[in-house]
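Report on the following structure.
The values are calculated or read from the model by the stated rules, or taken from the named source; none is laboratory data. Since the structure is predicted, the reported quantities are computational estimates derived from the model, not experimental observations. Neighbour counts are summed over all protein chains in view; Cβ atoms, including those assigned to glycine, are modelled from backbone coordinates with ideal geometry.
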Amino acid sequence: MMAIGAGGLDVAVAMGGGAFNLTFPKVVLVKLKGKLKPWVSAKDIILELLRRLTVKGGVGKVFEYNGEGVKSLSVPDRAVITNMGAELGATTSLFPSDEVTAAFLEAEGRAKDFVEIKADEDAKYDETIEINLTRLEPLIAQPHSPDNVCKVSDIEGMKVDQVCVGSCTNSSYRDLMLVSEVLRKGGYKVHPEVNMTVSPGSRQVVDMIAHTKGLTSLIEAGARILENTCGPCIGNGQSPPSAGVSLRTFNRNFEGRSGTKDARVYLCSPEVAVAAAIYGVVTDPRKLGKYPRIKLPKTYIVDDSMIVPPAKDPSRVEVKRGPNIQPLPVQGPLPDSLRGTVLIKLGDNITTDHITPAGTWLKYRSNVPKYSESVFSAIDAKFHEKAKEARGGFVVGGENYGQGSSREHAALCPMYLGIKAVIAKSFARIHKDNLVNFGILPLTFANPADSDRIEAGDTLELNGLTNGLSSGDTLTLKNVTKNFEVKLKHGFTPRQIELIKAGGTLNYTKAHAAA
């Protein structure tokens, strides 16, 4: 299979029979050589890539892994790497379907589903990257970005307040059993000054570690077992103490995402996490001695008895909407001219967590008027009030605007607040698509240096949009306050131009469905 991140509205249109549209990406070959040494894991491979390429190094690219080192990586290992490919900004990440895949599917009772899929011998790539697995050592991403990577040994000895294992990135049977076995065989307890949590990846993982006594070892050592969900990763519980240090096997460590504004969140492997949980400080896991070998089971527990199937007669299903669920706001068609104030001026790598925070705010996902109060709240607590008072306006950003989660509310809520356009140096792929979907113009500076000439509070104006969007890739932005003009690029496909003119994908889809 190939899994590609998308906004919810794009998915809904596809589920309704519409097309899913995607700009054709470049393909990057990541050639893995050698084999990982003990206490070095798949997490360190993707952290090494993030160290080299940064969080915007994969925008518009697919990463395809190959080479002799692939054979030594289990399916859970590969899942860790492909999961965090999103942090590179990648369109998607791929591993070949090989004998390792076949063994995994057989253990899941799905041997008949196996199909070998690999690159052609003469496959061509836009770029090639080589990683020698033998030379890797334990790595860790420092606050507040997944690409702020250093060696664990460089920060060894730093006091740790919290250790969180699991979530979506390192929550497999193999990951949790490794942590369990390190604790059990060493007779260790979680350090008295460390709060340790474990978030299993699925009900199946819980069943498996329970039957193999791994769950017992984790509990006896002092770890707290949480739900099979995002949980602490998006700030839903287990927020670190003020100014606390939290080591997490998660995929993101954006500022404030944990629920504590001044927390310092580090991303690491389960090996590094369990070492810190034991000693209470950042510790190179190679000091723990002999590496426990975790054998993947020949047969996984498969119990689908609690899955509720779709209704045989959907028309008889009643959808109950409580008072907290509000209708989805819809944008009107794009006017020929836009005029408004720059409501906020931002730097590089603004994430969807900066735009619409997760954590306790997520309970308002079905109430856009309420959720819109969170927009940029971590940067400017009064932003939503300013936007409403000004009846909307413009947002100006830097490089890689909208990175991180595909959270479409990061476009939907600004649309509700009247944001007319976001002007940045560059955009993350999914967020740009989401802005188009909800009728907000995502535009880039033709000359990135022009960003420095615009400040919060400036009045901006875009004229002749109806013809301008269709006649070329360049638009003229006038800074009314300072009386100068700059050139902007949109990079839209013909279809995206039609979406924008209609006021977004909902309007466009309704019109075409009626036709």
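Every condition in (1) in a helix (DSSP H, G or I); (2) in contact with a Lys or Arg (Cβ under 8 Å, 6 or more places away or on another chain) holds for residue 131 except the one numbered (1).
This table checks each residue for (1) among the charged types (D, E, K, R); (2) within 26 Å of the chain's Cα centre (by Cα).
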position	(1), (2)
258	no, yes
265	no, yes
271	yes, yes
274	no, yes
278	no, no
284	yes, no
289	no, no
294	no, no
297	no, no
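Within the stretch 98-119, the set of residues being farther than 18 Å from residue 299 by Cα and either part of a helix (DSSP H, G or I) or aliphatic (A, V, I, L, M) (or both) comprises 115, 117, 119.
The number of residues in the stretch 382-429 that are of a type in the set (D, E, K, R) and either more than 16 Å from residue 442 (Cβ to Cβ) or not assigned by TED's automatic domain parsing to the domain that holds residue 463 (or both) comes to 6. Listed by position, the helices (runs of 4 or more DSSP H) contained in the stretch 190-291 that have at least 1 residues being in contact (Cβ under 8 Å) with a residue 40 or more places away in the chain and under 19 Å from residue 142 (Cβ atoms) are 270-279. Here is a list of conditions, (1) among the hydrophobic types (A, V, I, L, M, F, W, C); (2) under 29 Å from the mean Cα position of the chain (by Cα); (3) surrounded by 12 or more Cβ atoms within 10 Å (Cβ to Cβ), and residue 334 meets all of them except one; can you say which number that is? Exception for residue 334: condition (2). Within the stretch 321-342, one or more residues are touching a Lys or Arg at 6+ places or on another chain (Cβ under 7 Å), in contact (Cβ under 8 Å) with a residue 60 or more places away in the chain, part of a loop (DSSP other than H, G, I, E, B) and farther than 21 Å from residue 252 by Cα.
Okay, residues lined up against (1) crowded, with 20+ Cβ neighbours inside 10 Å; (2) of a type outside the set (Phe, Trp, Tyr):
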site	(1), (2)
139	yes, yes
160	yes, yes
163	yes, yes
167	yes, yes
188	no, no
196	yes, yes
207	no, yes
212	no, yes
216	no, yes
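Selection of the stretch 141-158 for residues being under 23 Å from the mean Cα position of the chain (by Cα) and surrounded by 24 or more Cβ atoms within 10 Å (Cβ to Cβ) yields 141, 146. Restricting attention to the stretch 356-404, the residues that are in contact with a strand residue (DSSP E or B) (Cβ under 9 Å, 6 or more places away or on another chain) and of a type in the set (Val, Ile, Thr) total 4. Taking residue 153 as the residue in question, decide whether it is hydroxyl-bearing (Ser, Thr, Tyr), part of a loop (DSSP other than H, G, I, E, B) and under 20 Å from residue 246 (Cα atoms). Against the criterion (hydroxyl-bearing (Ser, Thr, Tyr), part of a loop (DSSP other than H, G, I, E, B) and under 20 Å from residue 246 (Cα atoms)), residue 153 does not qualify. The residues in the stretch 7-33 that are closer than 26 Å to residue 114 by Cα and either surrounded by 15 or more Cβ atoms within 10 Å (Cβ to Cβ) or within 18 Å of the chain's Cα centre (by Cα) (or both) can be counted, and the count is 6. Scanning the stretch 343-354 for residues that are over 12 Å from residue 427 (Cβ atoms) and of a type in the set (A, V, I, L, M), we see that the one that is surrounded by the most Cβ atoms within 10 Å (Cβ to Cβ) is 343. Against the criterion of being of a type in the set (S, T, N, Q) and outside the structural domain of residue 47 (by TED's automatic domain parsing), residue 132 does not qualify. Within the stretch 360-382, the residues that satisfy the criterion of being aromatic (Phe, Trp, Tyr) and either in a helix (DSSP H, G or I) or closer than 11 Å to residue 325 by Cα (or both) are 361, 364, 371.
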